[in-house]
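Remarks on the structure that follows.
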Amino acid sequence: MAKRIVIIGAGLAGTTAARELRERGQAVTLVDPAAGETSERPPLSKHLFDGSRYHLPFHLESSELITFVRDRATEITLAEAADQSQQAGTVHLASGETLDFTHCILATGMEANRPQIPGYPDALPVYNLAEAEWIREFVAESSTPLNVGVLGSGYLGMEVATSAVAAGHEATVYLRGDEPLRKQLSAPVRKALLDKHRDAGVKFVAHTSSPDEIQANIHNLFVTSVGARPVLIPVDGDRPAEAWEVNEKLATPHSGVWAAGDCAQITDGIFALDHPWACEPVAESHGKYLAELLGADDGDAGQPWADIPWHWSFQGPEKVFTAGLTSPDATDTIIRHDPSGTKFQVFHFDGGEPHARLIGVETLNWPPMQAAARRVLAGTNIPTRAQIGDPNFDVKAHSRL
Ligand SMILES: Cc1cc2nc3c(=O)[nH]c(=O)nc-3n(C[C@H](O)[C@H](O)[C@H](O)COP(=O)(O)OP(=O)(O)OC[C@H]3O[C@@H](n4cnc5c(N)ncnc54)[C@H](O)[C@@H]3O)c2cc1C
């Protein structure tokens, strides 16, 4: 029987899966209110103030093999077990229409948390194109430098504040603790970035435990950045509390339903985490992986997903990357600098012994070494703690073995 593949969500994961399935000659239906008009999210938080290109469309068009359904999926119901040789289930749409499928990929991404800031009723996150456009218009209309307030000090908040300062505006970051990027990066990288951002002029107001504490009438633009949560459509009434828990082949517990990108949390395999990876390279890799898995003639018999996950964040002039498994709480890491001492990498291991294996690397302002780190982690000859600790060990040369 012909496969009927429905992908819900035309963001990076969904668009990639659709494009790759089309290349394999497989027809797909892509459901998204903005299908055909979606674009990359990363430029949104980095180019609010510099006037450069921020709208990077995915350029996927409807064709014989790709059907766009510009609608919102509201729920999925699964077929009775007796019918499952014909179809696995049905997607229900806000319009009342339905789509039957043999295979369904959930790729609905995340939505931003939206705290109210009493002193700034117009405060908004920068999570989608409409929000970025509103802010860019506001910036374009102002004839004097702005005073930007940012609540939250994760990647997006830091990108907004640092890009504002780099463009000649003032920026103040309000954070709950006393150091930014506390949940994202290890102490040496956090500290280096804090020093650089402070030197550049970003102000930090630590220990802001509630938006009520933020003084009114200081900022003329206020951006909130306090996390996001997966968008989850119920499947036979089941809507998980956090994200779709998927196995190492990205399958949900529901037969015929897979999840990819920001709405999926991988619970098995080498890259299992207790939250979604929530980064661009992983969403793209998931899309490619599921296209290969579901597009193959032998059904879903393929290998587990095993690409090295990585993340990038450009904060004003600072470029920070992670690859593999890194932890913000790790203390037994090894740091290696470039000869000038300005760029460095933090290496994470699966233990403290000399033979412990390298599992992740953070890289500050050293893109070629981030590429080397990814190659090393993807290779078969993964270095040990003892090797990385040896000053004569050449990571770049090893990455090319
Ligand atoms: C501002 C910003 C900056 C970022 N910067 C970086 C970065 O520098 N580096 C990095 O690695 N990652 C970055 N990310 C994260 C990265 O963009 C995401 O990990 C990636 O977009 C996830 O892809 P996705 O396909 O899972 O979800 P998304 O790209 O979010 O797409 C989800 C799609 O699902 C659709 N959808 C939702 N609900 C429904 C429904 N019920 N029915 C139909 N369609 C639905 C939405 O309309 C959307 O088009 C950034 C994210 C944001 C928001």
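Quick note: the coordinates plus some simple rules give every number you see, no bench work behind them. The structure displayed is predicted, hence computed values, not measured ones. Neighbour counts are summed over all protein chains in view; Cβ atoms, including those assigned to glycine, are modelled from backbone coordinates with ideal geometry.
Worth pointing out:
- Sorting 334-346, 3-15 by their mean Cβ neighbour count within 10 Å, with the most densely packed peptide first, gives 3-15, 334-346.
- Gyration tensor verdict on region 90-138 (Cα atoms; rounded if a/c is under 1.5, prolate if a/b is larger than b/c, oblate otherwise): prolate
- Pairwise label distance in nanometres, ASP238 with ALA187, each label 7 Å out on the Cα-Cβ vector: 4.2
- Sequence-distant aspartates and glutamates (8 or more away, or on other chains) whose Cα lies within less than 14 Å of LYS196: GLU159, GLU179, GLU318
- Spatial separation of Cα centroids for region 256-272 and region 191-205, in angstrom: 35
- Dimensions (Å) - region 114-224, Cα atoms, principal axes, largest first: 39, 28, 25
- Region 97-175 and region 16-91 have their alpha-carbon centroids 23 Å apart.
- As a rough guide to protection, the peptides 275-288, 225-238 ranked by mean Cβ packing within 10 Å, highest first, stand as 275-288, 225-238.
- Using the Cβ-Cβ distance between SER85 and THR380 with R0 = 45 Å, the FRET efficiency computed as 1/(1 + (r/R0)^6) comes to roughly 0.65.
- Kyte-Doolittle mean at least -0.5, axial Cα span of 20 Å or more - DSSP H helices of the chain: 280-295
- Each Lys or Arg adds one and each Asp or Glu subtracts one; over the other residues with Cβ under 14 Å from the Cβ of THR384, this totals -2.
- Taking the C-alpha atoms of the chain, convex hull volume expressed per residue in Å³: 157
- For ALA216 and GLU75, the FRET efficiency from 1/(1 + (r/R0)^6), where r spans their Cβ atoms and R0 equals 45 Å, is about 0.60.
- Calculated on the Cα set of region 310-399, radius of gyration then Dmax: 12.2, 38 Å.
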